[in-house]
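The values are calculated or read from the model by the stated rules, or taken from the named source; none is laboratory data. Everything quoted here is computed from the prediction, not taken from an experiment. All Cβ positions, glycine included, derive from the backbone under ideal geometry; neighbour counts span all protein chains shown.
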Amino acid sequence: MTRLDLFIARMVSQRACIDDAVARTKDMTGPVYELGLGNGRTYHHMRETIAGRDIYVFERAVASHPDSRPEPGFLYEGDVFETLPQALVDLGPTASFIHADLGGHNREKNDAFARKISPYVEPHLAPGGIMVASDRMYFDALEELPLPAEAFEGRCFIYRKPA
């Protein structure tokens, strides 16, 4: 695959997996987390497709498109290894859906980061909650789910906390 093909596969997979997670968690009331705002495309999509749930964003430093920024009360700004533990104190293990796109272009670094961040993410999900990640994650108690038909294998991963 060309780099353009890989990018398109990632974007198609992200949208398909986010939409799948939104559908799976539509009856849940807990908040939604966006880990890594970037330019805000997935946050904007989630904001348009998720009704009735607060969306909290975790970002080191906000530099997104102005239309894709959370209100100050819904932003945890700073190092995710500090902001995730604070959010667990503030919000408890109540997240219905967590989306993470935290990696870069180096697969080895992405994998090392996923191994390090997974134990920080896992406690946030409520029973039945869904985690969608752009990289394979390493959870103790979450089960990996099959991807929706539109998604490309290896471009996105879906996990669920058993109810």
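Just a few scattered comments:
- Residues located in the stretch 63-91, provided they are part of a loop (DSSP other than H, G, I, E, B) and either touching a residue at least 12 places away in the same chain (Cβ under 8 Å) or under 17 Å from the mean Cα position of the chain (by Cα) (or both): Ala63, Ser64, His65, Arg69, Pro70, Gly78, Asp79
- Qualifying positions in the stretch 94-113 - modelled with pLDDT of 95 or more and under 21 Å from Gly40 (Cα atoms): Ala95, Ser96, Phe97, Ile98, His99, Ala100
- Residue within the stretch 74-87 that is over 17 Å from Met11 (Cα atoms), out of contact with any strand residue (DSSP E or B) (no Cβ under 9 Å at 6 or more places or on another chain) and of a type outside the set (Asp, Glu) present: yes
- Filtered residues of the stretch 1-57 (kept if in a helix (DSSP H, G or I) and among the aliphatic types (A, V, I, L, M)): Leu4, Leu6, Ile8, Ala9, Met11, Val12, Ala16, Ile18, Ala21, Val22, Ala23, Met46
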